[in-house]
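So the structure is just underneath, and the comments pick up after that.
Bear in mind that the values in this text are calculations on the coordinates, not laboratory data. Keep in mind the model is a prediction, meaning the values are calculated, not measured. Heads up, the Cβs are rebuilt from the backbone with ideal geometry, glycines too, and the neighbour counts pull from every protein chain shown.
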Amino acid sequence: MPATRDLKIERPRGTLTDQVTDELMKLVRAGAFAPESRLPSEKEMAERFGVSRTVVREAVSRLKSEGLVESHQGKGAFVRRASAGVPFRLDRDAADSLRSVLHIIELRRGLEAEAAALAASRRSAAQLAEIRNALKVLRRTAHGGGEGVEADAAFHRAIVRATGNPHYLALWEFIGQFLQDAIGLTRTYEAQHEELVAQVAREHDEMADAIARRDPEGARAAARRHLEMVARRITSADPKFWKTRPATPRRG
């Protein structure tokens, strides 16, 4: 079990309970606590986090509801062994930093490259029409702003739907809740540069064209290239962008 002096809140975010919950989740998922090991006492964590024992107690309660820890009466809270019953989660602040955005892009690359290949192999005429229509809407929509984010997501969703695999779509829809900020961030940056907007449009065209001609390898490569370029573009953003970027519009 790690020394309690290592428990610290990295930065202000949300309520005190949110902050402590987030930090404890990170430690548990990173393996800082061995499976079945006991968490530090409420008193120890309260002192190290600089919060009340009530806040710590609520944070631990949230970890219990997530299936990460369990209480043993009279002994304290213990880390549970990993199991299929523990839900998959993503940090709700997934677009908070360059590193976090790049992690999301890597996740998208793995999912969407294979989805594009499957779509190229399996798409029906109706599904191809949906992809083409989504692309037309995307072209007509301003690159920045909430509508652009929605149109971008709709295009990629149409490709995933064309896989014919409901699990791909369900996973994409789940991840999509957390992708919105990351998509909005990259599009906000791209909108500041005309050449980048044109580049993104070409990448989307290449994906749709490969799917249209039933070219799985071409579709996979186009999707991977698109996400790799997204990462490259956002990595090249001026550091000032991260300090002055506007908030991403959210769906109501």
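Some values worked out for this structure:
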| item | result |
| --- | --- |
| J(HN,Hα) series, the stretch 142-153, from Karplus relation 6.51 cos²θ - 1.76 cosθ + 1.60, nearest Hz, glycine and proline x | 4, 5, x, x, x, 5, x, 5, 4, 5, 4, 4 |
| Residues 175, 159, 104 arranged by fewest to most Cβ contacts within 10 Å | 175, 104, 159 |
| Radius ratio Rg over Rh of the stretch 98-244, counting only Cα atoms, Kirkwood formula for Rh | 0.95 |
| Size of electric dipole in the stretch 96-188: Cβ of Lys, Arg +1 and of Asp, Glu -1, about Cα centre, debye, nearest 20 | 400 |
| Efficiency of FRET from Cβ geometry, residue 30 and residue 213, R₀ 35 Å, rounded to 0.05 | 0.20 |
| Reach of residue 64 by Cα under 18 Å, taken over aspartates and glutamates that are not fewer than 8 positions away in the same chain | 18, 22, 23, 36, 42, 91 |
